[in-house]
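The values are calculated or read from the model by the stated rules, or taken from the named source; none is laboratory data. Since this is a predicted model, take the numbers as computed values, not measurements. Don't worry about glycine lacking a Cβ; one is built from the backbone with ideal geometry, like all the others, and counts go over all protein chains shown. With ligands, DNA and RNA removed, areas are computed over all heavy atoms of the protein, side chains included. Shrake-Rupley method; radii C 1.70, N 1.55, O 1.52, S 1.80 Å.
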Amino acid sequence: MAEFLRGMPGVAWAGALGRALTGGLIMATALGAGTGLGPAVADAVGASGLAARLIPAALVTATALPLVAVAHRGRSPRRLGFGGPWASVGAFLAGVGVTAAAATLVLGAATAGGLLHWSDPDPGALAGFLVSNAVVALLLEALPEETTLRGYTWTSLRGRFGGTVTALATTAVFLLVPGASTVVAAGAARLAGEDAGPIGIAPDGQNPVDYLILIVVFGLTLVAARTALARAPLWTSIGVHLTFLTVNRIALEGDRRHAGWYVEHGAGDAGLLVPVYLLLVATGFALWGRGLRRRRREGTAYATALRGSREAGAMR
């Protein structure tokens, strides 16, 4: 009976959707537990500064990755989109490079047009921020979110649905994570004796509609990055994710985060430019992926024709 049910299309689709939602649940649980319990753990061990920020971030990754491994039933991480060392480095640098280039082009044009006005950079403070932010953002957001969503959720859906449906459904699950994580964080904080943070679909102080629109654009951009390269594609989306967080925290929050460089005036204008450079990133990866797939098809057709020619020659 179980084998019969697994063979039914509706049951198979329901299973794929259930696994996809499981990826979102894992990320929401990990993010909520890390941000809810992290401050209490940091206080308990007397951590401050960067160490206090690293503890919640490490908790998120330490929670999310093992849960994904369990849900994935011990299968190879390569099936989620990871790869060997060299392929991973190349894919990660592709994500960083394309995103940085798009952000530079768009924000640079806005600066040249007088829309943005930057402070004088402090090289030492900027270097320190880049290093600390990279470590914290990788562990808190980029690595666990891509593993759970563009890794496990995407893979679960792609085995049953086409590319467009998978992209839209993965992004829909992505939309559910921030709000769900605030519920988990509030509960975890109360268990730890800490004050519970606000519950909502958007970070405190941000317009929910604007935030959700940005998440949709960002989610689709990450899918475009994840599907562009054939080898270690998940590292491409990790590179995009990390670079996106870095650029935005310098341009929009650099003063508050003591990044050593920030927009002095017109920060709202910078915020409006973020979806623009994300669309440029998505377009770039979509074209890159299309070109790679076309070359693979041409290479396969050429190899088939060559093999047929050799076989025909051998029969003469």
Report summary line: Residues other than V68 with Cβ under 12 Å of its Cβ, Lys/Arg counted +1 and Asp/Glu -1, net out at +3
Requested in this report: Could you sort 249-260, 17-28 so that the peptide with the highest average Cβ count within 10 Å comes first and the rest follow in order?
Outcome: 17-28, 249-260
Query raised in the report: With every protein chain kept in the model, how would you rank L212, L245, L272 by accessible area, 1.4 Å probe, largest at the top?
Result: L272, L212, L245
Requested in this report: Could you do me a favour and compute the accessible area per residue for the range 192-291, 1.4 Å probe, result in Å²?
Outcome: 47 Å²
Report task. Using a 1.4 Å probe over the heavy atoms of the protein chains, calculate the carbon and sulfur portion of the accessible area of the chain as a whole percent. Result -> 66 percent
Report task. May I ask you to order 95-106, 155-166 by the average number of other C-beta atoms within 10 Å around their residues, highest value first? Result -> 95-106, 155-166
Query raised in the report: Put +1 on the Cβ of each Lys and Arg and -1 on the Cβ of each Asp and Glu in the range 144-204; which of L175, A189, P203 then has its Cα farthest toward the positive end of the dipole?
Result: L175
Report summary line: Projecting the Cα atoms of T148, S76, G36 onto the charge dipole of the chain, where Lys and Arg contribute +1 and Asp and Glu -1 at Cβ, the residue farthest towards the positive end is S76
Requested in this report: Once you've got the GNM for the chain with C-alpha springs shorter than 10 Å, pick whichever of A142, A94, A109 has the biggest mean-square fluctuation.
Outcome: A109
Query raised in the report: How much mean residue ellipticity at 222 nm does the chain get from its helices, if each DSSP H run of length 4 or more adds -39500 (n - 2.57) and you divide by all residues, to the nearest 500 deg cm²/dmol?
Result: -25500 deg cm²/dmol
Report task. Output the relative contact order of the range 26-138, whole-number percent, from Cα pairs under 8 angstrom with separation of 6+ residues. Result -> 25 percent
Query raised in the report: Between R79 and L105, what FRET efficiency comes out of the Förster formula 1/(1 + (r/R0)^6) with R0 = 35 Å and r the beta carbon distance, rounded to 0.05?
Result: 0.50
Query raised in the report: What is the magnitude of the charge dipole of the chain about its Cα centre, with +1 placed on the Cβ of each Lys and Arg, -1 on the Cβ of each Asp and Glu, and no other charges, expressed in debye to the nearest 20?
Result: 2220 debye
Requested in this report: In whole angstrom, note down how far apart the Cα centers of the range 36-60 and the range 195-233 are.
Outcome: 24 Å
Report summary line: Net charge (Lys, Arg +1; Asp, Glu -1) of residues whose beta-carbon lies under 14 Å from that of A30, A30 excluded, is -3
